[in-house]
Amino acid sequence: MAENAEPSEETLNKPIQENKRTTEEEKRQDLSSLLLPNPKDLPQIPPTAVETNFSSYFVADFMKPGHDQYIYRHANGLCVIGLARAHLALTETGGVTVVDFNVGKSDRSELKVTGKRKRNALQFESNSALCKVSTNGNSYIVRCCVKGSLLEVNDRLIKQPDLLNSSADREGYVAIIMPKQGEWLKIKDSFLSYEEYVQLRGLS
Amino acid sequence: MTSSGPAPELKTALIKAKPFLPPCHVIHHLLSTGVCIRCIFRLSGIHDRDCYTSPLDQSHFMFFLEEHNDNDIKSNFTTITYCSICLGVLCSVCCVQEKTGAAFKEITSVNDFVLFISDIIKREEYQIDGFSLEVSVPPVIVANDRALRLQSVESLSSPFHIRLTYSHSETSQKLQSLVLNCRDSKKRERGSGENGSSKKASNESDASIYRALDLIGDHDFCTRFLVPPGKVDKPCQLVVACHRTPIYIAGRYLKYSRNVSQSRWIIDDERMGEASVEELIGENVLQICRGDGYKFHSAGREDIDVRMLGSGRPFLVEVLNSRILPSYTEIEQIADNINNSDKKLVGVGNLKLVGAEAWNMMREGEAEKQKEYAALVWISRPLTDDDVSNLTSLKDLDVSQKTPIRVLHRRSPLERSKIIHWMKIENVEGTTQYFLLHLCTQAGTYIKEFVHGDLGRTHPSIGSILGCRAEILQLDVTDVKMDYFD
């Protein structure tokens, strides 16, 4: 979030008690001047919520060629998993048509994690399957990438698989994982940064 | 008793007892709930026999009170017949079975009472040269007494406590091992508890010792305890501790900085942010009040990077063992210290001393309170007039928010339904894709997520309503409504 310009000395040096005696209008104006930013301070395109709040990591060819995924890691440790830009499924004509969470031993969209302690969460290995993404001719398995508990899958993908085509990097995320204690440190160096991934895939 | 008033000894006794009695209005209240005068004396800790020996008519008592008081609260209540606490025991009123055995008769005076008892002794033709009295009352009287004391504790006891703790280690150790031995041997007899190993507690609480003593019968007691108790060569040790019950200072705070957390936030020995609202206000209050510590309570909270503007957020500082009861000037001093500090990080207003009920006032309805915000929003295409009318026309919009990812690690994964009451748009001159979004929402709404959508987990969101991408650059709280703190 952008740093705001310091409020005017005038406004701050007036003790609060005195402010109460000024008219409602003055108070509104004071507030207004505090709220409005200086347009010169505003960036043309601000960073996205993902850029601000997460560190992005990428993995290319995860277990199979062309299976590129991203891991957005929040400061609180949670990881959002999804399909990276150059994932094969996203490059096919027609794109993704079906997303099915019923893979492995259970339907991932049926899980019910409860409470602060996140009970009933399925424990996944990094190669555990999250879902199967199908295109016109092919299907691809999306995997966990990080060992930990599965907190949530994006069940919107079931009814709106097109989210993967329009915004795989945001609303089309696949799942949220809570890595097992100590797991992240072990694995983070095996991931690529955004720049490294872009260079690897020759993207713009 | 003469109709001219209470007997002279009683009158003198009453004058001596006057300082012990509770305030007039409290006495009136007690009398109106059916408590007799003697029970009021008992409650006040008046033990002068003269107060109890002569009968005291209620109207004379009231007259005496009015004579000796500035405020003349005239009350009219029907004369009570039986006390709700002692059930007549202290008023020499009781029912006794007639000699004939058929009906019950009421005794109303001390003399009649004494006669009744002496009659029983004479009837049996006892030869006596003295007597000792045993009195057994129904347990409900003990319960009534407790109720009376609990009811009166507020009006009778002061918030400033002086605690005198006497201890005598030498004899207490002996008693403790004695009592525990007795308790453990009983357990072994009954077969409950562990066999063999007696729990060696070095410091049993007083309460558990009293409990254990209660369980020991008189006979048992005499075999184990030295009767009479032995001589001691050292007196008790005394520790005096003074303590005041917490005082509360209420007010509203403003947070001007985007680098100040609300409460003290330290991770791995490092402080997050420059300072905390809690400490900036609490330390200043503590310094003036000279207390042992403080607790900061507020009506909700805002993120470290969100400013609190407008009228401010209601808060309470609970000062523990405050050495003073701050006066108006001292409270002004606290406000000045905070508002005129070098770094204008935080400000306070409406500071005042309040009672303990303030805590409930703040919590009560916290979930219903509406809050107003101003968010600086960027969208991925220029803002149109349609966008503005679209957003401003939405009233009481239902929003469904899954627990935001940024707090999902410590909160339950739930889907919460919140209401956005209204929205207003303010253009930012010189830009086409930025605007100031003013909104009023239900308490507990996550504003940042309502703007950027939290990867679609909050819907609808500004982005979904306008059909483009929306980002939030900064957020300010502009109003928290709570009348009590105005």
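No value in this document is a laboratory result; all are computed from the given coordinates. Note that this is a predicted model, so its numbers are computed, not measured. Positions of Cβ are generated from backbone atoms using ideal geometry, with glycine treated the same way; all protein chains shown enter the neighbour counts.
Contact order normalised by length for the range B:371-445, with contacts defined as Cα pairs under 8 Å and 6 or more residues apart; what percent is it? Over the range B:371-445, the number comes to 42 percent. A simple charge model with +1 on the Cβ of Lys and Arg, -1 on the Cβ of Asp and Glu and nothing else charged puts the dipole of chain A at about 1120 debye relative to its Cα centre. Peptide packing: for A:73-82, A:57-66, the average count of neighbouring Cβ atoms within 10 Å per residue gives the ranking A:73-82, A:57-66, highest mean first.
In whole angstrom, how long is each semi-axis of the equivalent ellipsoid of the protein assembly as shown, when you take the square root of 5 times every eigenvalue of its Cα gyration tensor and sort them from largest down?
Taking √(5λ) for each Cα gyration eigenvalue gives 72, 37, 25 Å.
Residues A:Thr97, B:Thr458, arranged from fewest to most other Cβ atoms within 10 angstrom of their Cβ, appear as A:Thr97, B:Thr458. The rule of thumb for compact globular proteins, 2.2 N^0.38 Å, goes into the C-alpha radius of gyration of chain B 1.51 times. Straight-line cross-link partners of B:Lys18 among the aspartates and glutamates, defined as a Cα under 13 Å from its Cα and at least 8 positions apart when in the same chain: B:Asp48, B:Glu66, B:Glu67.
I want the local charge near B:His243. Using Cβ-Cβ distances under 15 Å, sum +1 for each Lys or Arg and -1 for each Asp or Glu among the other residues.
Around B:His243, the surrounding residues sum to +2.
3J(HN,Hα) couplings calculated from phi for the range B:35-52 with the Karplus curve 6.51 cos²θ - 1.76 cosθ + 1.60 (θ = phi - 60°) are, in sequence order, 8, 7, 4, 5, 5, 5, 4, 4, 4, 7, x, 8, 10, 4, 4, 4, 6, 10 Hz; Gly and Pro show x.
Placing +1 on the Cβ of every Lys and Arg and -1 on the Cβ of every Asp and Glu, with no other charges, gives the protein assembly as shown a dipole of roughly 2120 debye about its Cα centre.
Averaged across B:467-477, how many Cβ atoms of other chains sit within 10 Å of each residue's Cβ atom? Spell out each step's value before the answer.
Numbers: counts 0, 0, 5, 1, 9, 4, 10, 6, 1, 4, 0.
Mean partner shielding for this stretch: 4.
Amide H contacts of B:Val346 (H built 1.01 Å from N, in plane; Pro and chain starts excluded): B:Tyr256 sit under 5 Å, all sequence-distant by 5 or more or on other chains. As a rough guide to protection, the peptides A:179-185, B:460-466 ranked by mean Cβ packing within 10 Å, highest first, stand as B:460-466, A:179-185.
Since only B:Gln401, B:Met482, B:Tyr434 are under comparison, the one whose Cα sits farthest along the positive direction of the charge dipole of the range B:358-486, derived from C-beta charges on Lys, Arg, Asp and Glu, is B:Gln401.
Each residue of the range A:112-121 was assigned a 3J(HN,Hα) from its phi angle through the Karplus expression (A = 6.51, B = -1.76, C = 1.60, θ = phi - 60°), giving 10, 8, 10, x, 5, 7, 6, 6, 6, 7 Hz with x at Gly and Pro. Farthest toward the positive end of the dipole of chain A, out of A:Leu42, A:Val133, A:Asn120, is the Cα of A:Asn120, where the dipole comes from beta carbon charges about the Cα centre.
Under a Cβ-Cβ cut-off of 14 Å, what is the net charge of the residues other than B:Ile85 that fall near it, where Lys and Arg count +1 and Asp and Glu count -1? It works out to a net charge of +3.
Bridging of A:Lys118 to aspartates and glutamates at a Cα separation below 19 Å is possible for A:Asp107, A:Glu110, A:Glu152, A:Asp155, A:Glu183, B:Glu415, once same-chain residues fewer than 8 apart are set aside. Cα centroid separation, the range A:27-106 to the range B:105-133: 95 Å.
Among the listed pairs A:Lys64/A:Lys105; A:Lys180/B:Lys295; B:Lys344/B:Lys481; B:Lys255/B:Lys481; B:Lys295/B:Lys418, which have their C-alpha atoms separated by more than 26 angstrom in this model? Correct reply: A:Lys180/B:Lys295; B:Lys295/B:Lys418. Charge dipole (Cα centre; +1 on Lys/Arg Cβ, -1 on Asp/Glu Cβ; no other charges) of chain B amounts to roughly 1140 debye. Neighbours of B:Asp214 by Cβ distance under 13 Å: Lys/Arg scored +1, Asp/Glu scored -1, total 0. Its Cα gyration tensor gives the range B:328-399 an equivalent ellipsoid; the semi-axes, largest first and in whole Å, are 39, 22, 9.
Rounded to the nearest whole angstrom, the semi-axes of the ellipsoid equivalent to the range B:197-351, taken from the Cα gyration tensor as √(5λ), stand at 52, 20, 14, largest first. Backbone geometry of the range B:239-250 corresponds, through the Karplus equation with coefficients 6.51, -1.76 and 1.60 at θ = phi - 60°, to 3J(HN,Hα) couplings of 10, 9, 10, 9, 7, 10, 5, x, 10, 10, 10, 9 Hz, x marking Gly and Pro. The angle between the Cα long axis of helix B:110-123 and the longest principal axis of the Cα atoms of chain B comes to about 50 degrees, rounded to the nearest 10.
Partner shielding of B:428-437 amounts to 3, given as the average count of beta-carbon atoms from other chains within 10 Å of each residue beta-carbon. The residue list B:Pro138, B:Tyr126, B:His168 was ranked by how far each Cα lies along the charge dipole of the range B:108-181 toward its positive end, using unit charges on Cβ atoms, and B:His168 comes out on top.
Counting, for every residue in A:144-153, the Cβ atoms of other protein chains within 10 Å of its Cβ and taking the mean gives 1.
In straight-distance terms, cross-link reach from B:Lys122 covers every one of the lysines whose alpha-carbon lies under 16 Å from its own, apart from those fewer than eight places away in the same chain; here that gives B:Lys99.
Kindly identify the range A:56-204 as rounded, prolate or oblate by the Cα gyration tensor criterion: order the square roots of the eigenvalues as a ≥ b ≥ c, call it rounded if a/c is under 1.5, otherwise compare a/b with b/c, prolate if a/b is larger, else oblate. Oblate. Among A:Asp68, B:Asp184, a tally of other beta-carbon atoms within 10 Å of each Cβ gives an order, fewest to most, of B:Asp184, A:Asp68.
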